Amino acid sequence: MSGARRREEPPHAQQHALANGGGAGPRGSVWGKALRSDSAWHDKDEFLDVIYWFRQIIAIILGVIWGVVPLKGFVGIAIFCLINAGVLYLYFSSFQQIDEEEYGGTWELTKEGFMTSFALFLVVWIIFYTAIHYD
């Protein structure tokens, strides 16, 4: 067999792609579902990935803000933790309206990807603070 031949997709995969956004592919459909309220999540890992990446985005945004505004110490860390946990809790409980017990409870969803986002937040915060405010 020639390596140049393209593998044909099964018909059910094509129908699934068309049903999820006109063949935009799996990446487009996941983010489309993530930004639509009350989406159906058939794959638990997809939703957990969305939670994880939303946390990373929040960490970068808050790290930049905390670095530009010369915020220091425990207050900055505490506010980050409250915002990060609070925004994601509101996202999965009110916006997506998922059954938390299906994912292991509210605590499991609240802590999903939290430590990596906390580490990313600290790195971004330190870099921006040092670059702007260090003499």
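The values are calculated or read from the model by the stated rules, or taken from the named source; none is laboratory data. Just so you know, these numbers come straight off a predicted model, no measurement behind them. Note: accessible area is taken over every heavy atom of the protein model, side chains too, but ligands, DNA and RNA are not part of it. Shrake-Rupley method; radii C 1.70, N 1.55, O 1.52, S 1.80 Å.
Note on region 21-135: percent of Cα-Cα distances in each 5 Å bin, starting at 0 and stopping at the bin with the largest distance, equals 2, 11, 20, 19, 15, 12, 10, 6, 3, 1, 0. Taken per residue, the accessible surface of region 23-135 reaches 59 Å², heavy atoms only and a 1.4 Å probe.
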